[in-house]
Amino acid sequence: MARLELDSVTKRFGDGGDAVVAVDDVTVEVPDGEFLVLVGPSGCGKSTTLRMIAGLETVTDGEIRLDGSRINDQPPAQRDIAMVFQSYALYPHMTVRENMRFGLEESTDLPADEQNDRVESTAEMLDITELLDRKPGELSGGQRQRVALGRAIVRDPAAFLMDEPLSNLDAKLRSEMRTELQQLQADLDTTTVYVTHDQTEAMTMGDRIAILDGGELQQVATPLEAYHRPANRFVAGFIGEPSMNFVPAAVEGGALTARRATAGDAFRYPLPAAAADAVDDGTDVTLGIRPEDIVVDAVDVDPDHAFEATVEVVEPTGSENVVHVELAAGPSVVATVDGLQQVRAGETVSVGIPGDAVHLFDARSGSALHSRSLDSVDLESRRVRP
Amino acid sequence: MGRPDGPRDGESTAGTRTDGGVADETAAGDLPDAAAGAASPLARLRRSEFVQSIPFWGPPGLLVLVFVYGAVGWNFLISLTGWQGLGQPEYGDLSLGAYRRLFEDPSFAAAFRNTAVLLLLFTVLSLLLGLALAILIDRDIRFENTIRTVYLLPMSLSFVVTAIFWRWMYNPVDGLINEAIRGVGGAVDAVVFWTAVDFGVADALTQAWISDPRFKLYAIIFALMWQFSGYCMVVYLAGLRAIPTAQYEAARIDGASAVRMYLRVIVPQLRASTMSAAVVLMVFALKAFDFLFVLFGVNPGESADILSVMMYRVAFDRRQWAYGAAIAMVLFAMALSVIGPYLYLQHRRGDL
Amino acid sequence: MTGPVDRRRAALYVVLLAMVAFYLAPLEAGLVTAFKTETGFLRTTPFVPPLGAEQFTVDAWRTAFGRLRQGLLNSVLMAVPATVLSALFGSLAAYGLTNLEWRGQVGVLVLFVAGVFLPYQSVLVPLTQFWSAVDLAGRVPLAVVGGNEGLIQLSITHIAYGVPICTVLFRSYYATLDEEMLEAARLDGASALTVYRRIVLPLSVPIFAVTLIYQFTNIWNDLLFALVLVNDPSNQVVTVALNELQGSFVNQYNLQMAGAFIAALPTLVVYVLFGEQFAKGVAGET
């Protein structure tokens, strides 16, 4: 049970001229009991951040606090933190029971029978009691994963750190474990920092997600907030699958125009008032629109925002069709439509880009200038929390 | 909603940063942390992985430092003293006399030349034989384990033992080598006999292998190759096994014959195996002593004398300690010139 | 279609078997010679077994064993502790240089690795100086071990020069240990020593087997150090004893062969039982 704070935390590898900044001035606060997901592409510094919290990497600059006290210089063992590793990191020569008891033996003075009781009850909670006397080599991937969790839980730490714990499971097991892990964390109500590169995991599991790129924190927000109100172009493109469409454009008289290489009409998109207010005339921006907001073969779209387009590729996924279309006026975009809607490659269709769904980003800095309008979505809504 | 700075609301970065600054100061001013802060450098040092690692590598490191590096340094010092006979070295009067003597000593030149011949021939032949054996064994054969075990067997024997075996093998009258030559040669002679000219092939080819100065060194190289080619086979086999099967299949689909496949696809990938095996063989060739010493004692004769034997003879038989130490330094320098580049390359490839 | 393939396959086996004969010939010739009388080995071809009772004898074995018995015992006394301790030191050093991360460890490691390739000639003279100095200074404590100074010196020498190769062997194995597993143990509260004792050491059994077998063979087979360091005949190890045997029975090949087999027996047994581990040790030398 603890509040975890990262305060301007920086990690540099190497020194002098060839120093590499892996984590750059990251500040984030994880309230007691929160499930925070650190997400980002590989090499973004998320694992390094986690390892600094664990004490496996030194902190170059800044401070990490657990319940208000600085833990930068504490050795890992004294931080009251348990970690679940991607490889599970089980001790292959010990039984499951010994694996789970190891941490209690090394870091507590609990009497032996109490250690055993805790191992037993944790095993029961995770439904691995019958595995207790086996060795990791005799377990399936999913079972090992549970043991790794059990080894962390049995210590009853102030915080859990999880480093891509589900990435070695097959897809089906992964989604099962996702649900179970969330439930478990909610029941234990233990502060958790969870690292993943998988944005689906981030969206579905986190109370809040922290998106990192190039060592820099891009945004910390609830999943829906990050989805609907991305702080910048990177977040907008990273969260959501298929990713948001981006069209570079210039603002001209309350409308966006995109120049095109070949002759013909340029793409022109009149901005709704709220969006137009957010940008200055003559600036370069990026128009962002999520695939599911694009209407294909629209009848009732207002004509200003409807464009003639050719369907290039249709990728049916069953529940929906991912449609790649090229607007007659230039840009290509990806749209998702209902799986039952008939769209064929080669067809000419009318494509609608609704005015209330567009995002605008500064062309140079990438920061958000305008986000879509929302009527009644509770962006603070969280997952299973009561 | 929809304000330009809307998205920023969700970002706690900015907000917490100022909070963090305040918290920092209170924490520092507050309580135990202040003390911890003061003790921190020392505590950090005590906890650092470096300090924790010393008990593990320190004692063995000390042994290596004293017995390897200390001893080599001391050896160099001794080589400068001119020490010989029964007394103790005088460290007050140092000179390079022993090294100058090396250049004038014809037996040193001979030993140096023989060492070079041994080093090159032995290394190359062992590598070639080992590679050939590895390629043959890698062809999915039956009884592979047994065959490999037999090929490597000589490597597990002491040179004292193998030298005794080979002395018997090379025995001019009853040795297996000459008996075999006589057997084959006799057959050839028998055939040639019909042409009415007696070439005497059998008698011409049997030799006193290890006493005839013409053959001594090569007889030794052959015996050492017998002992070490199994080692090369093991190293090459490991290298071959590390090459994915898909490459063999791809080469076959590309239409390469087995020979061309090995020459163009497989062997070039064995460079690392070749290099590491060659280094081990060369360094061994430099220090090969036991085998020659058992066969010839301290005097193999000019045609088979090598530096390692000469060093022992000069130092421990003639008690010319300083001169022996100087020869030892030459050996050390030669070993260094082999392993120095090797270790550097290993380091550059990140294999250390 | 199958014809040429079969013929090729057959040729492959012929070559492989010919090489088996090549590698075994000296041993086979030695073995049968060891059972022959002097007239036996002079009159027959070396690889033919003794013909008839008048050519067969085990006298050579009896005599050779009598000459080598003390050497065998001394070699065991010297080689076993040296093997175990050099492996243990190698394991400790490899752990400190591989699984604990600190700057400059590669530099220290290079010093260890370079030691593997040291030509022992370049330390022989100082080594004799060193041990004679220690001998004088340490007469009292060494007196406790009663007359075995030579073996103890030799044993310690083998430990010291065995550390580099043992470290290299252990390091290549420790580098493959799951780093996350060791980190997990640190997070579980284990100290560096506890991680070594409870995690690394129990997992080291296979590499200990490799190193022990390789080192035992190396130390048992050494002649050079024994020749230089052991002066007391009662401390003579088996390789030196065998060399003296072959020197004093010059043309008695049956005796020489029997002696060679007796001296090689421990390493042969180890090799036959643990050939796989020996091969790994040999291949891991670099």
Filter pass, residue B:314 being under 19 Å from residue B:225 (Cα atoms) and open to solvent by less than 40 Å² (accessible area, probe 1.4 Å): no
Top-ranked residue of the stretch B:295-310 - restricted to ones that are at pLDDT below 90 and under 22 Å from residue C:127 (Cα atoms), ranked as farthest from the other protein chains (Cβ to nearest Cβ): B:298
Residue in the stretch B:129-141 that is closer than 30 Å to residue B:244 by Cβ, open to solvent by 10 Å² or more (accessible area, probe 1.4 Å), away from every other protein chain (no Cβ under 11 Å) and assigned to a helix (DSSP H, G or I) present: yes
Candidate set: the stretch C:189-201, residues that are without any contact (Cβ under 8 Å) to a residue 40 or more places away in the chain and open to solvent by 10 Å² or more (accessible area, probe 1.4 Å); chosen: the one nearest to the other protein chains (Cβ to nearest Cβ): C:189
Residue, most open to solvent (accessible area, probe 1.4 Å), within the stretch C:120-153, restricted to residues that are assigned to a loop (DSSP other than H, G, I, E, B) and modelled with pLDDT under 90: C:144
Members of the stretch B:96-128 found to be surrounded by 17 or more Cβ atoms within 10 Å (Cβ to Cβ) and of a type in the set (S, T, N, Q), listed by number: B:114, B:115, B:123, B:126
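Look through A:300, A:280 and report the one residue that is part of a loop (DSSP other than H, G, I, E, B), over 15 Å from residue A:350 (Cα atoms) and out of contact with any His (no Cβ under 6 Å at 6 or more places or on another chain).
Checking each option against the conditions leaves just A:280.
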Considering residues of the stretch B:72-85 that are open to solvent by less than 10 Å² (accessible area, probe 1.4 Å) and either facing another protein chain (nearest Cβ under 7 Å) or free of Cβ contacts under 8 Å to residues at least 12 places away in the same chain (or both) only, the residue nearest to residue C:155 (Cα to Cα): B:75
Counted residues, the stretch B:142-161 - those being outside any helix (DSSP H, G or I) and open to solvent by less than 10 Å² (accessible area, probe 1.4 Å): 2
Qualifying residue in the stretch C:220-228 (condition: crowded, with 24+ Cβ neighbours inside 10 Å, modelled with pLDDT of 90 or more and in contact with a helix residue (DSSP H, G or I) (Cβ under 6 Å, 6 or more places away or on another chain)): yes
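Could you list all residues from the stretch A:87-115 that are hydrophobic (A, V, I, L, M, F, W, C) and open to solvent by less than 50 Å² (accessible area, probe 1.4 Å)?
Residues satisfying the conditions are A:89, A:90, A:94, A:96, A:100, A:102, A:104, A:110.
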Filtered residue count, the stretch A:81-113, keeping only those that are in a loop (DSSP other than H, G, I, E, B), in contact (Cβ under 8 Å) with a residue 12 or more places away in the chain and more than 10 Å from chain C (Cβ to nearest Cβ): 1
Long-range neighbours under 9 Å by Cβ, at least six apart or interchain, first residue in contact (Cβ under 8 Å) with a residue 40 or more places away in the chain and charged (D, E, K, R) within the stretch C:59-85, second open to solvent by 60 Å² or more (accessible area, probe 1.4 Å) and assigned to a helix (DSSP H, G or I): C:67/C:244; C:67/C:248
Checklist (1) in contact (Cβ under 8 Å) with a residue 40 or more places away in the chain; (2) farther than 25 Å from residue A:49 by Cβ; (3) surrounded by fewer than 22 Cβ atoms within 10 Å (Cβ to Cβ) applied to residue A:118, failing item: (1)
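Quick check: anything in the stretch A:56-77 at the interface with another protein chain (Cβ under 8 Å from one of its Cβ atoms), among the aliphatic types (A, V, I, L, M) and closer than 16 Å to residue A:7 by Cα?
Looking through the stretch A:56-77, none of the residues is at the interface with another protein chain (Cβ under 8 Å from one of its Cβ atoms), among the aliphatic types (A, V, I, L, M) and closer than 16 Å to residue A:7 by Cα.
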Odd one out for residue B:21 among (1) surrounded by 14 or more Cβ atoms within 10 Å (Cβ to Cβ); (2) at the interface with another protein chain (Cβ under 9 Å from one of its Cβ atoms); (3) farther than 30 Å from residue A:360 by Cα; (4) at pLDDT below 85: (1)
Test set (1) hydroxyl-bearing (Ser, Thr, Tyr); (2) more than 14 Å from chain B (Cβ to nearest Cβ); (3) touching a helix residue (DSSP H, G or I) at 6+ places or on another chain (Cβ under 8 Å) - residue A:190 fails condition number: (3)
Some residue of the stretch C:61-72 being under 30 Å from residue C:167 (Cα atoms) and part of a helix (DSSP H, G or I): yes
In the stretch A:29-55, the residues that are closer than 17 Å to residue A:158 by Cβ and either open to solvent by less than 20 Å² (accessible area, probe 1.4 Å) or part of a loop (DSSP other than H, G, I, E, B) (or both): A:30, A:31, A:32, A:33, A:34, A:35, A:36, A:50, A:52, A:53, A:54, A:55
Residue in the stretch C:248-259 that is at the interface with another protein chain (Cβ under 8 Å from one of its Cβ atoms), at pLDDT 90 or above and open to solvent by 20 Å² or more (accessible area, probe 1.4 Å) present: no
Residue satisfying condition, being over 25 Å from residue B:158 (Cα atoms) and either modelled with pLDDT under 85 or more than 10 Å from chain C (Cβ to nearest Cβ) (or both), within set B:318, B:313: B:318
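When you scan the stretch B:269-352 for helices (runs of 4 or more DSSP H) that lie fully inside it, which ones turn up with 3 or more residues that are under 15 Å from the mean Cα position of the chain (by Cα) and in contact (Cβ under 8 Å) with a residue 12 or more places away in the chain?
Counting at least 3 such residues, we get B:271-287, B:321-348.
Residue by residue, here is whether (1) under 16 Å from residue B:180 (Cβ atoms); (2) part of a helix (DSSP H, G or I); (3) in contact with a helix residue (DSSP H, G or I) (Cβ under 6 Å, 6 or more places away or on another chain) holds:
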residue	(1), (2), (3)
C:6	no, yes, no
C:11	no, yes, no
C:14	no, yes, no
C:19	yes, yes, no
C:22	yes, yes, no
C:29	yes, yes, yes
C:32	yes, yes, no
C:40	no, yes, no
Residues within the stretch B:46-68 that are at the interface with another protein chain (Cβ under 7 Å from one of its Cβ atoms), over 22 Å from residue A:57 (Cα atoms) and open to solvent by 70 Å² or more (accessible area, probe 1.4 Å), tallied: 0
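Per-residue answers, yes or no, for (1) surrounded by fewer than 19 Cβ atoms within 10 Å (Cβ to Cβ); (2) out of contact with any Lys or Arg (no Cβ under 7 Å at 6 or more places or on another chain); (3) of a type in the set (Lys, Arg):
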| site | (1), (2), (3) |
| --- | --- |
| B:258 | yes, yes, no |
| B:267 | yes, yes, no |
| B:289 | no, yes, no |
| B:295 | no, no, no |
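The values are calculated or read from the model by the stated rules, or taken from the named source; none is laboratory data. It should be emphasised that the depicted structure is a prediction, and the values quoted were computed from it without experimental measurement. A quick note on method: Cβ atoms are made from the backbone with ideal geometry, for glycine too, and the neighbour counts reach across all protein chains shown. What goes into the accessible areas is simple: the full protein's heavy atoms, side chains included, and nothing from ligands, DNA or RNA. Shrake-Rupley method; radii C 1.70, N 1.55, O 1.52, S 1.80 Å.
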